[in-house]
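Peer 1: Sharing a structure with you now.
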Amino acid sequence: MPQGDAVPKAAQQTTLWGAFKRAISTMAQSSPPRLALIIFAAVIALFTTLLMMPWATPGGRSAAFHDALFVATSAVTVTGLTPVNTADDWSLAGQIVILIGIQVGGLGIITMAALLAVSVTRHLGLRTRLVAQEGISTGRLGEVGHLLKTVIICSVVVQAALAAVLIPRLIMLEGDALQGAWYGLFYAVSSFNNAGFVIHSDGLAGVGNDPAVVWTVMIGVFLGSLGFPVLYVLWKHRWHIKQWSLHSKLTMEVTTILLFAGAAIYAFMEWNNSSTIGEMDLWEKLQNSLFASANMRSGGFSVVESNLEHSETMLVSDALMFAGGGSASTAGGIKVTTLAVIFLAFLAEARGHEESSAHGRTIPAQAVRVAVSVVAMGATAVLLSTLALMTISDLDVGRPLYESISAFATVGLTSGLTAELPPSGLYVLTLLMFTGRVGIITFAAALTVRQRRVRYRYPEGRPLIG
């Protein structure tokens, strides 16, 4: 009898596995954005379960569900917000789980969806390729499979280079080889993935003025925020700018402008603030202003506490965080190319041109519509979450708005509100981090892929605008 029962069970398992593969294959070809949402939710659930294990905390007790869910979501969405101290409230095993979550999340939603489609179906369906191409290709549809490998190789190489600088320096600063090596590896991964997690009890303040650490972390954040398409083009064409894609040109231009403009504004507003950079010397002020600007757009690392900054500085931070980094990058926000497309459309309208253009290329009207939709979705999500946090915390708009934008843009800078919120507030921010990291990408991808040609046209109507 046992042998007779074994065949039906094996057949049943084969049938279930086949049904699962067919379901995944169908979804990968029909709705890649939906598949990405499911994958991301499953990954967060897995890391939440791991962080609730007794060995993940120093005391051997299971972490509260809302804390584990929040930190797992923050790690996988590479945000960096946390209601607990990463150094004190998680064991080494728990910190390793967080580090793995950061690495998985940093590879990107579309990359994970495409990799799953490859592993299950052994090939990429056309629609999946189109979505992947929108995020990580340089223009040729057949390159998607190759670029998935490039994404992983690029991540490993850059993070290894960052670790090669950070590990020796942190060993010297900490005076302990094992601890310094762990810190260096953690910050290399956290910086390139724009996660902002720190495993010093007092944050980066302890090593914040060390140029080697500051500049290495800043470079890691900057490279991670550019996005894999731009890094691929830079590696392939070097400084032959004429051969760069339009996406790469716009990303580099807007990123550079926001980086130095943000640093100049931060320095101007905080120059004499003794609670932030006011007591530093000239070089440290300039260095930390540039560091703050680089991290406002998604890095999330900070040398000084954000709630000690002037309210005007925090408002500028709100704007930079909302803008975010490059598309298909480890950064969040609405993305700098979205900002560029909207600005170019505004410029074309001001000049009386029917179409917007840049670098000898016309921006399609559909791209403008998607950009406006992404901004509208992001602004609506931030508005609703800010209202919810104001109700829960009974605070004025300043800190809830700052925390909401930081969560939505997956930045990780905090006004201190996250640590003060009850579980209901943490659930609001958890949903916002998920929406900001997954929702915007899948929403834009769905709008891009779902193109239906309408064979009729209504008469024009001209509503009054402005």
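The values are calculated or read from the model by the stated rules, or taken from the named source; none is laboratory data. Since the model is a prediction, treat every value here as computed from it, not as a measurement. Backbone-built Cβ (ideal geometry, glycine too); neighbour counts: all protein chains shown. Heavy atoms of the whole protein, side chains included, go into the accessibility calculation; ligands, DNA and RNA do not. Shrake-Rupley method; radii C 1.70, N 1.55, O 1.52, S 1.80 Å.
Peer 1: Under 6 Å between Cβ atoms, which residue pairs at least 6 apart in sequence (or on different chains) link something in region 274-302 that is touching a residue at least 60 places away in the same chain (Cβ under 8 Å) with a partner that is of a type in the set (Ser, Thr, Tyr) and assigned to a helix (DSSP H, G or I)?
Peer 2: 296/317; 298/225
Let's see how each residue does on (1) modelled with pLDDT under 85; (2) in contact with a Gly (Cβ under 7 Å, 6 or more places away or on another chain):
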| site | (1), (2) |
| --- | --- |
| 183 | no, no |
| 189 | no, no |
| 193 | no, yes |
| 203 | yes, no |
| 220 | no, no |
| 227 | yes, yes |
| 234 | no, no |
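Peer 1: Would you mind stating whether residue 371 is open to solvent by less than 10 Å² (accessible area, probe 1.4 Å) and either among the hydrophobic types (A, V, I, L, M, F, W, C) or more than 30 Å from residue 272 (Cβ to Cβ) (or both)? Show your work before the answer.
Peer 2: Details: open to solvent by less than 10 Å² (accessible area, probe 1.4 Å): yes; either among the hydrophobic types (A, V, I, L, M, F, W, C) or more than 30 Å from residue 272 (Cβ to Cβ) (or both): yes.
Here the answer is yes, as residue 371 does meet what is asked.
Peer 1: Sticking with this structure for a sec: Being under 21 Å from residue 333 (Cα atoms), out of contact with any Lys or Arg (no Cβ under 7 Å at 6 or more places or on another chain) and of a type in the set (A, V, I, L, M): is that true of residue 252 here?
Peer 2: Numbers: under 21 Å from residue 333 (Cα atoms): yes; out of contact with any Lys or Arg (no Cβ under 7 Å at 6 or more places or on another chain): yes; of a type in the set (A, V, I, L, M): yes.
Criteria met by residue 252.
Peer 1: Which ones in region 271-294 are buried (at least 19 other Cβ atoms within 10 Å of the Cβ) and in contact with a Gly (Cβ under 7 Å, 6 or more places away or on another chain)?
Peer 2: Correct list: 293 only.
Peer 1: State whether one or more residues within region 321-333 are open to solvent by 20 Å² or more (accessible area, probe 1.4 Å), modelled with pLDDT under 90 and closer than 17 Å to residue 440 by Cβ. If you could, list the steps in order and put the result at the bottom.
Peer 2: Step one: of region 321-333, the residues open to solvent by 20 Å² or more (accessible area, probe 1.4 Å) are 322, 327-328.
With modelled with pLDDT under 90 added as a condition, the list becomes 327-328.
Next cut, closer than 17 Å to residue 440 by Cβ only: 327-328.
Taking every residue of region 321-333 in turn, at least one turns out to be open to solvent by 20 Å² or more (accessible area, probe 1.4 Å), modelled with pLDDT under 90 and closer than 17 Å to residue 440 by Cβ.
Peer 1: Just give me the residues in region 303-336 being in contact with a Gly (Cβ under 7 Å, 6 or more places away or on another chain) and polar (S, T, N, Q), in sequence order.
Peer 2: 307, 311, 327, 329, 330 - these are the residues of region 303-336 that are in contact with a Gly (Cβ under 7 Å, 6 or more places away or on another chain) and polar (S, T, N, Q).
Peer 1: Exactly one condition in (1) over 27 Å from the mean Cα position of the chain (by Cα); (2) within 20 Å of residue 429 (Cβ to Cβ) is false for residue 400; which is it?
Peer 2: The single condition residue 400 does not satisfy is (1).
Peer 1: Starting from residues that are surrounded by fewer than 18 Cβ atoms within 10 Å (Cβ to Cβ) and in contact (Cβ under 8 Å) with a residue 12 or more places away in the chain, keep the ones in region 355-366 and report whichever is nearest to residue 427 (Cα to Cα).
Peer 2: First, the residues of region 355-366 that are surrounded by fewer than 18 Cβ atoms within 10 Å (Cβ to Cβ): 355, 357-362, 364-366.
When the remaining residues are screened for being in contact (Cβ under 8 Å) with a residue 12 or more places away in the chain, the result is 357-359, 361, 366.
Numbers: 357: 42, 358: 41, 359: 44, 361: 43, 366: 34 Å.
This residue is 366.
Peer 1: Continuing with this model, one more query. Taking the criterion of being touching a Gly at 6+ places or on another chain (Cβ under 7 Å) and buried (at least 17 other Cβ atoms within 10 Å of the Cβ), would at least one residue in region 412-419 satisfy it?
Peer 2: yes
Peer 1: Mind listing whichever residues of region 389-403 are open to solvent by less than 10 Å² (accessible area, probe 1.4 Å) and either touching an Asp or Glu at 6+ places or on another chain (Cβ under 9 Å) or modelled with pLDDT under 90 (or both)? If you could, list the steps in order and put the result at the bottom.
Peer 2: Keep residues of region 389-403 that are open to solvent by less than 10 Å² (accessible area, probe 1.4 Å), which gives 389, 400, 402-403.
Once the filter is applied, which keeps residues that are open to solvent by less than 10 Å² (accessible area, probe 1.4 Å) and either touching an Asp or Glu at 6+ places or on another chain (Cβ under 9 Å) or modelled with pLDDT under 90 (or both), region 389-403 yields 389, 402.
Peer 1: All but one of (1) touching a Leu at 6+ places or on another chain (Cβ under 6 Å); (2) without any contact (Cβ under 8 Å) to a residue 60 or more places away in the chain; (3) among the polar types (S, T, N, Q) hold for residue 337, so report the exception by its number.
Peer 2: (2)
Peer 1: Could you please find all residues in region 212-265 being open to solvent by 60 Å² or more (accessible area, probe 1.4 Å), in contact with a helix residue (DSSP H, G or I) (Cβ under 7 Å, 6 or more places away or on another chain) and either under 28 Å from residue 284 (Cβ atoms) or among the hydroxyl-bearing types (Ser, Thr, Tyr) (or both)?
Peer 2: Selection gives 265 alone.
Peer 1: Which one of these does residue 207 not meet: (1) open to solvent by 20 Å² or more (accessible area, probe 1.4 Å); (2) over 18 Å from the mean Cα position of the chain (by Cα); (3) β-branched (Val, Ile, Thr)?
Peer 2: (1)
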